[in-house]
Amino acid sequence: MWYFTSPQIIFGEGALSALDDLKGHRALIVTDGTLVNLGLVAVVTAHLDRARIAYAVFDRVEPDPSLDTVRAGSAVAHNYQPDWIVGLGGGSAMDAAKAIWVTYEHPELDPAEINPITELGLRRKARLITIPTTSGTGAEVTWAIVLTDTASGRKLGLGNRENVADIAIVDPSLAVGMPRYLTIDTGLDALTHAIEGYTCTWHTDLTDGICLQATRLVLEYLPRVAVDGKDLEARERMHNAATLAGLGFGNALASMAHATGHAIGARFHVPHGRAVGMMLPYTIEYIAAEAPERFADVGTTIGLEAGTPHASARALADHLRSFSRGLGQATSVAEMGISWTDYEAALEQLVDDAFNDASIMTAARARVPGHHPPRRPDRGPSLGRASQSCLRACLHRRQRAGGTLYARHSGWARADQCRSTRARQPSDADDRPRGRHERAFCG
Amino acid sequence: MAIPFPSDSWIKALSAHLNGSESYQRSAANWEGDFTFVVEPDAAYADTSYLYLALNHGKSAGGRALNVPDEVVTEYTIRAPYGTWRKVVEGKLDPIQGLMTKQLKLQGNMMMIMRYPKAAQEIIACTKLIPTEFPG
């Protein structure tokens, strides 16, 4: 038993005009100051004017929005009494809009208490429209809400299926002005959603095709739009791909690249899409060592076949690294500018954070019941150790003399090798490329 | 020798396996809160059983079958028909998915459980180490 949840999706060029026919009285637009300054809020309000709907704008949503921001937005909603909440922006604005909507309908509820099993009974005061201005997060169609508890510094994974938007308007014209770096970061986020939605253990028949199509679209159109941001066809296909990927992983779950990417992103302030996109090939290699079939499927879908499922999965990981490199993205922790010393010092906390991230439980090589039976303790490394070695894989990129690249020939080290080398500092001796005989997978 | 589920000896075996699991200890290092598992009757199982499991900071101080549900007051109670529990123990139903789809009904703070999904899975991993005999 499972669910597939989706808003009504109005998509394609001109989709915003659907607002002209909206019925209602007052809308609260939840967004950020940048979009006000860029004129994108005015584009939306022009449509609301045509629909004769009054509006107020709450533009105080920051990146990684806090519980306090949601509380402030909810107070604005209580005063304004809208019958529509409009989340306009990237994932932060749309997640904040979802939480503001829930707490507007339920003033007794603190945003930190929004959870998947409580019956909320929403839509008594207002309904929700989501309008993405980036092509990556998929938050316009997911019910997940990520907020930051500034007191503890933790990101909270919240949400309830009821708080999925009523209408998602996916109009590519809003993404045309995205700068190149944001286009690529968010595009890699969509790619990671698509591949993890297909390969996680919570995938279903209803999400598989969506995820594969999203994967094809990103791999074809992200390079085009990275070269020419005004390529309207590529913008539209990327906007669609992000929404598809959102539907896919939002009705399955993300996986280990998100768990580890969240940890690295939070600790080193790496943009979300960049962090999860960097981790994706590493986690594919790690998981595929034990469960390669789903990754091989993805490889086949995009024309990569290497004879065996293991080889195909590895070819997929290699292809994704080349893809990221072609876009100028970092493919290792070192390339992100994080020093060995800082990474080493943070490693234990990174492992703990990844370990406690909800996304890690759907990794097909992480003792997930029903798919891959748990290993007996005497037959392999524990998940804790495996996760450590996964994260440590990036630590083991040896820095080359040039100082900007870490050689990736060392591949994955065995858990015991990770432990034995952990105390070492990189040395000239470590810089040599390693042969395949030294490339080993944990476990 | 197989241990019947649900039973006092089964929950004691689970408690012992948790204390031997490095993965569980790490994933539940900050967890505080005991559980009562209520096994409700269905076509394959005629009784109602109550299993108590003490969990604190990655360790289990013990477990036992209860004669009456309020013999011990716990922070969390999860109840489901026997057939649903069997699916969980056999690894056919992810416990978090079970909670989200309300096949497993929770009394207690769901948000706390959602912060320790891996610990929930490690508990299930330990149940699979118990040679379990299922009635019906």
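Quick note: the coordinates plus some simple rules give every number you see, no bench work behind them. Everything numeric in this text was worked out from a predicted model, so none of it was measured. FYI the Cβ positions are ideal-geometry reconstructions off the backbone, even for glycines, and counts take in every protein chain you see.
Given R0 = 45 Å, the distance between the Cβ atoms of A:Arg224 and A:Tyr3 translates into a calculated FRET efficiency of 0.80. Pick out, from A:Ala42, A:Thr137, A:Ala112, the residue whose Cα sits farthest towards the positive end of the charge dipole of the stretch A:8-175, with +1 on the Cβ of Lys and Arg and -1 on the Cβ of Asp and Glu. Farthest along the dipole direction, towards plus: A:Ala42. Taking amide H positions as modeled 1.01 Å from N, with prolines and chain starts lacking one, the residues under 5 Å from A:Val86 and 5 or more places away or on another chain are A:Leu28, A:Ile29, A:Val30, A:Ile129. With the dipole of the stretch A:134-264 worked out from charges on the C-beta (+1 for Lys and Arg, -1 for Asp and Glu) around the Cα centre, which of A:Asn240, A:Gly261, A:Ile210 lies farthest toward the positive end? Value: A:Gly261. For B:Leu66, the residues whose modelled amide H falls within less than 5 Å of its own, excluding neighbours fewer than 5 places apart on the same chain, are B:Tyr50, B:Leu51, B:Tyr52.
Over chain B, what is the percentage of antiparallel beta bridges among all DSSP beta bridges, to the nearest 5? Write out the running numbers ahead of the final one.
Working: 16 of 24 bridges.
Expressed as a percentage, antiparallel bridges in chain B total about 65.
Here the 3J(HN,Hα) profile of the stretch A:288-299, calculated from phi with Karplus coefficients 6.51, -1.76 and 1.60 at θ = phi - 60°, is 5, 4, 10, 9, x, 4, 5, 5, 4, 4, 4, x Hz, Gly and Pro shown as x.
Taking a ≥ b ≥ c as the square roots of the eigenvalues of the Cα gyration tensor, an a/c ratio of 1.5 or more together with a/b larger than b/c marks the stretch A:252-327 as prolate. Spin-label pair B:Glu75-A:Arg124: with each label point 7 Å from Cα along the Cα-Cβ axis, the two points sit 3.1 nm from one another. In terms of the Cα gyration tensor, with a ≥ b ≥ c the square roots of its eigenvalues, is the protein assembly as shown rounded because a/c is under 1.5, prolate because a/b exceeds b/c, or oblate? The shape class here is oblate. With neighbour counts taken as other beta-carbon atoms within 10 Å, the residues A:Arg365, A:Arg123 rank, fewest first, as A:Arg123, A:Arg365.
I need B:Ser21, B:Ser9, B:Ser49, A:Ser255 ordered by Cβ neighbour count within 10 Å, fewest first. Ascending Cβ contact count within 10 Å gives the list B:Ser9, B:Ser49, B:Ser21, A:Ser255. If we count every other residue with Cβ under 15 angstrom of A:Gly248's Cβ, Lys/Arg +1 and Asp/Glu -1, where does the sum land? Residues close to A:Gly248 contribute a combined charge of -4.
Compute the normalised compactness of the stretch A:39-187: alpha-carbon radius of gyration over 2.2 N^0.38 Å, N being the residue count. It would help to have the intermediate numbers written out before the result.
Working: Rg = 14.7 Å, N = 149, 2.2 N^0.38 = 14.7 Å.
Taking the Cα Rg and dividing by 2.2 N^0.38 Å, one obtains 1.00.
For the stretch A:131-176, the mean projected area of the C-alpha convex hull, equal to one quarter of the hull surface, is 4.0 nm². Calculated on the alpha-carbon coordinates, the convex hull of the stretch A:43-108 measures out at 78 cubic angstrom per residue. Straight-line reach from B:Lys105: taking Cα to Cα under 30 Å and skipping same-chain neighbours fewer than 8 places apart, the lysines in range are A:Lys98, A:Lys125, A:Lys155, B:Lys12, B:Lys59, B:Lys87, B:Lys92, B:Lys118, B:Lys128.
For the stretch A:84-90, 3J(HN,Hα) computed residue by residue from phi via the Karplus equation (6.51, -1.76, 1.60; θ = phi - 60°) reads 10, 10, 10, x, 10, x, x Hz, glycine and proline entered as x.
For the protein assembly as shown, give the magnitude of the charge dipole about the Cα centre (Cβ charges: +1 Lys/Arg, -1 Asp/Glu; no others), in debye to the nearest 20. Working shown, then result.
Working: 58 positive and 64 negative charges, 264 e Å.
My answer is approximately 1260 debye.
Give me the base-10 log of I(q)/I(0) for the stretch A:219-266 at each q in 0.13, 0.23 Å⁻¹, Debye formula, one uniform scatterer per Cα, rounded to two decimals. At q = 0.13, 0.23 Å⁻¹ the computed log10 ratios are -0.43, -0.84.
Between B:Lys102 and B:Ala2, the contour length at 0.36 nm per residue exceeds the alpha carbon distance by 33.0 nm.
Modelled this way, with points 7 Å down the Cα-to-C-beta line, the labels at B:Ala61 and B:Glu22 are 2.7 nm from one another.
Expressed as a rounded percentage, what relative contact order does the stretch A:8-175 have, with Cα pairs under 8 Å and six or more residues apart?
Numbers: 363 pairs, mean separation 45.9, N = 168.
Taking the mean separation of contacting Cα pairs over the length of the stretch A:8-175, I get 27 percent.
Counting beta carbons within 10 Å around each of B:Ser23, A:Ser324 and listing the fewest first gives the order A:Ser324, B:Ser23.
Phi angles of the stretch B:34-48 translate, via the Karplus equation with coefficients 6.51, -1.76, 1.60 and θ = phi - 60°, into HN-Hα couplings of 8, 10, 10, 9, 9, 9, 9, x, 8, 4, 9, 8, 8, 9, 10 Hz per residue; Gly and Pro are given as x.
Quick one: grab the alpha carbon gyration tensor of the stretch B:1-110, order the square roots of its eigenvalues as a ≥ b ≥ c, and give me rounded if a/c is under 1.5, else prolate or oblate depending on whether a/b is larger than b/c.
Rounded, because the longest to shortest axis ratio a/c is under 1.5.
Around the amide H of A:Arg60, modelled in the peptide plane, lie the amide H atoms of A:Thr31, all under 5 Å away and 5 or more residues distant in sequence or on another chain. Could you compute the FRET efficiency for A:Arg71 and A:Gln349, with r as their C-beta to C-beta distance and R0 at 30 Å, rounded to 0.05? Working from the Cβ atoms, E equals 0.60. Restricting attention to the protein assembly as shown, close to 45% of DSSP beta bridges with both partner residues there are antiparallel.
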